[in-house]
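The structure appears right after this line, and notes come after that.
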């Protein structure tokens, strides 16, 4: 069981004797889940998810044939997560380690980092020493037992990163470790009718996205890698490129995870499978070619006050739903509210805070009196009986107080109550798209990334940005950069995107002061 | 001769045009009756039909031809301010379609009409609709952009093109109070955005499609959107269900004790609206559309490709011809398709699911009510149809919805 007190140990870099860093430093690792070998077969058999197909089982068992490393030629993937320990019997774990030893040596010769995947039930005292001995580049834990792993490390020896893939993002968020890893979900969209839900006239498809999750780690201007992992695709034809983009939009990395069917077809050099693998590489490369975008900080004139010390469910729900409603926001850590330069914001959302201290109330009301918009629950002020919310002017600004705020209602209302100046960016005609706006730190360039979660291209999108920009360029993985016309307007700029296949970034430059 | 279930077959259409429709089942109604008999007095004017397979075709050329077929538009719009009430609704969409393709009037239709108006010398074209966004600074253009419209194409289609969100007082100083010039059914007058008064010529640009509560929606039903919710509040409460009365300053309904069932009430209010602000030209877009409901949020609704346009001076004549081209009998009664309804129980008040005096949910035929008010004839035998004959353009909505459409027609 993970504890909040152990949060700081989610990623442990035991600084010991220096080792060569294959695949570069951990922040340059582009990971792929590369599980296999006899231990993987046994682990899956125990878990009841071993494929019945004999060929598939043999492909999994024989995955550490060095020939599988040939798949990585020309691919940006430079870090493999191999099956390392699952608390199985000595014989099978030893066989696994011997296989991984040879495979790791071969990978290292190609400059590829190898991390050992450790499943729940594994015993740190057993799996840590051989990991150090064969010079794995790190360990990745499925499940939280970081403290036990750290205890098993002999002091004063090698440095070995330990990365725990956390189910609870709050734990990884709070741990200001150099690399965070978190469980996400398969990205995609479904119409409400498909889900058996009667939609309303303005309903939009339900989008599963991890963009909110990755950006939820961005409390400061500094970037750190965030890995997003989830099990192999449940869909018949998973869109792996979308998974790459879904993590990369906000600066994260998807732990590339291929389904078994694709892996066996790759081993057979099936042309379609090889094309899918190449396309994954193309999208990973696009993300790395635009690594500068990671240095851009989230852009938005709305600050979402988030309590990292509180249970995470509510905060995550707000962040997820605001992202789905295309509301650009930046995170404000509750504990640092007093230090936050409010001049950077036009609106503050504190609806997720059930109680406010007197200091917090004073800060929020002062922000509204000075011309800002504050959206909060009744902790900031009473809502008359029988009314779900109260909107009123306060000084030069206004407040919107919900009697009983719920994330769905508040997120639905936010695009309706924020003016362009208060939102910063508004995207039109994007029902299947999630947008993410970011800004060059210390500069004026704005980047609006768009990711389409439908298999049908998104057409006739308009992006409206507060402020005058002279130029706009659209970058996509599929085409050279295209110059977009910037429409003039009073205090705003508009660009139209005729068609978006999957992923694009609109870079707006040359802001008129 | 009347077809079964209110549907109009090609043979039925021929018989109907030749002999007129004899009265079908009569339903006793309070106030004036919805008569399926054809009164001789209701006005009639030419209506043109065009077959158009795609919005990529030269729509401006098609409209020029249609307008010429009905007698020419130039003398009516030259040097005039023309208001174009476009038909929008919720922004929800079918997979792979934009709202404009299936349940809003298509932006290329709007651009083509504006192009023709500009070419004929219209001084100003105002695109109007009640968009109704709450966002500060929200404009009609924002709603259109949400639907993926190319606004520049429309702005550049005529010398002066303006957009106004008529859900509010807009750029006017006050609401215009327009009296119902025919004998009113429910409301004697309406308060509307000034643009509906400050224009010389009003075009209702509707989408021909089914409707969950009204059975069918076209150019008459499009006019429902002229009522400003900034003044009246939610349209459902005041107009559909009559749960609240008009706000202070707006004309009150004639009889607050009248039938509250929306299938009775709303068709009559629609006739009152077109009696208050008559439509000068009606156009129905059915190149792509929706059957089984007015949009994707109605369970069972689906996209449909009827491939036709209809235009005419008289909104009742135009809707009657459109309805026949959709495969329906324009004189159908409340127990016939498309007026016998199956409304979703989850999104209607319980009393709206069980109309008094009827065994089935229904909507009254708004064209027959308009005909009775003397606005226009819904009798095909009295309407001069030009361009493509109805039977050659007909696309049977009901059959397609029920998956009964022969493949060669679907």
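The values are calculated or read from the model by the stated rules, or taken from the named source; none is laboratory data. These numbers come from a predicted model, not from an experiment. With ideal geometry, Cβ positions are generated from the backbone for all residues, glycine too; neighbour counts draw on all protein chains shown.
Structure notes:
- Scanning the range B:139-150 for residues that are in a loop (DSSP other than H, G, I, E, B) and either more than 13 Å from chain A (Cβ to nearest Cβ) or on the phi < 0 side of the Ramachandran plot (or both) yields B:139, B:147, B:149, B:150.
- Total residues in the range A:144-175 satisfying the condition of being in contact with a strand residue (DSSP E or B) (Cβ under 7 Å, 6 or more places away or on another chain), over 20 Å from residue A:79 (Cβ atoms), modelled with pLDDT of 75 or more and not in a helix (DSSP H, G or I): the figure is 1.
- Test: residue in the range B:298-318 that is in a strand (DSSP E or B), within 14 Å of chain A (Cβ to nearest Cβ) and touching a residue at least 24 places away in the same chain (Cβ under 8 Å): yes
- Among the candidates A:338, A:366, the residue that is in a helix (DSSP H, G or I), free of Cβ contacts under 8 Å to residues at least 12 places away in the same chain and in contact with a helix residue (DSSP H, G or I) (Cβ under 9 Å, 6 or more places away or on another chain) is uniquely A:366.
- Number of the condition not met by residue A:275 [criteria: (1) in contact (Cβ under 8 Å) with a residue 12 or more places away in the chain; (2) over 20 Å from residue A:219 (Cβ atoms)]: (1)
- Verdict on residue B:267 being within 14 Å of chain A (Cβ to nearest Cβ), crowded, with 24+ Cβ neighbours inside 10 Å, in contact (Cβ under 8 Å) with a residue 24 or more places away in the chain and more than 30 Å from residue B:64 (Cα to Cα): no
Condition check ((1) facing chain A (nearest Cβ under 9 Å); (2) buried (at least 16 other Cβ atoms within 10 Å of the Cβ); (3) outside any loop (DSSP other than H, G, I, E, B)) across all residues:
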site: B:82; (1), (2), (3): no, yes, yes
site: B:85; (1), (2), (3): no, yes, yes
site: B:88; (1), (2), (3): no, yes, no
site: B:137; (1), (2), (3): yes, no, no
site: B:152; (1), (2), (3): yes, no, yes
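- Where residue A:455 falls short, out of the listed (1) assigned to a loop (DSSP other than H, G, I, E, B); (2) more than 14 Å from every other protein chain (Cβ to nearest Cβ); (3) touching a residue at least 24 places away in the same chain (Cβ under 8 Å): (2)
- Conditions (1) within 19 Å of residue A:345 (Cα to Cα); (2) more than 22 Å from the chain's Cα centre (by Cα); number of the one not met by residue A:381: (1)
- Members of the range A:436-452 that are in contact with a strand residue (DSSP E or B) (Cβ under 8 Å, 6 or more places away or on another chain) and either surrounded by fewer than 22 Cβ atoms within 10 Å (Cβ to Cβ) or free of Cβ contacts under 8 Å to residues at least 24 places away in the same chain (or both): A:439, A:440, A:441, A:444, A:445, A:447
- Residue match in the range B:321-342 (condition: within 14 Å of chain A (Cβ to nearest Cβ) and closer than 20 Å to residue B:211 by Cα): yes
- Residue B:131 vs. criteria away from chain A (no Cβ under 14 Å) and in contact with a strand residue (DSSP E or B) (Cβ under 6 Å, 6 or more places away or on another chain): no
- Of A:132, A:139, A:80, all but one fail to be more than 23 Å from the chain's Cα centre (by Cα) and in contact (Cβ under 8 Å) with a residue 24 or more places away in the chain; the exception is A:132.
- For residue A:357, the requirement of being surrounded by 13 or more Cβ atoms within 10 Å (Cβ to Cβ) and over 27 Å from residue A:466 (Cβ atoms) is not met.
- Residues located in the range A:458-492, provided they are closer than 15 Å to residue A:420 by Cα and within 14 Å of chain B (Cβ to nearest Cβ): A:462, A:463, A:464, A:465, A:466, A:488, A:489, A:490, A:491, A:492
- Verdict on residue A:63 being outside any helix (DSSP H, G or I) and modelled with pLDDT of 95 or more: yes
- Residues being in contact (Cβ under 8 Å) with a residue 40 or more places away in the chain and outside any helix (DSSP H, G or I) - total across the range A:312-329: 4
- Only residues that are within 14 Å of another protein chain (Cβ to nearest Cβ) and touching a residue at least 40 places away in the same chain (Cβ under 8 Å) were counted in the range B:154-200, giving 2.
- Residue in the range B:90-109 that is surrounded by the most Cβ atoms within 10 Å (Cβ to Cβ), counting only those that are within 14 Å of chain A (Cβ to nearest Cβ) and outside any loop (DSSP other than H, G, I, E, B): B:99
- Summed over the range A:210-246, the residues that are under 21 Å from residue A:276 (Cα atoms), in a loop (DSSP other than H, G, I, E, B) and in contact (Cβ under 8 Å) with a residue 24 or more places away in the chain give a count of 8.
- Enumeration of residues in the range A:411-442 that are in a helix (DSSP H, G or I) and more than 14 Å from chain B (Cβ to nearest Cβ): A:411
- Of B:317, B:329, B:284, B:359, all but one fail to be out of contact with any helix residue (DSSP H, G or I) (no Cβ under 7 Å at 6 or more places or on another chain) and buried (at least 24 other Cβ atoms within 10 Å of the Cβ); the exception is B:317.
- Positions within the range B:343-356 being part of a loop (DSSP other than H, G, I, E, B), within 14 Å of chain A (Cβ to nearest Cβ) and either surrounded by fewer than 13 Cβ atoms within 10 Å (Cβ to Cβ) or at pLDDT below 90 (or both), in sequence order: B:343, B:344
- With respect to (1) within 14 Å of chain B (Cβ to nearest Cβ); (2) in contact with a helix residue (DSSP H, G or I) (Cβ under 8 Å, 6 or more places away or on another chain); (3) at pLDDT 95 or above; (4) within 24 Å of residue A:212 (Cα to Cα), the lone exception for residue A:374 is condition (1).
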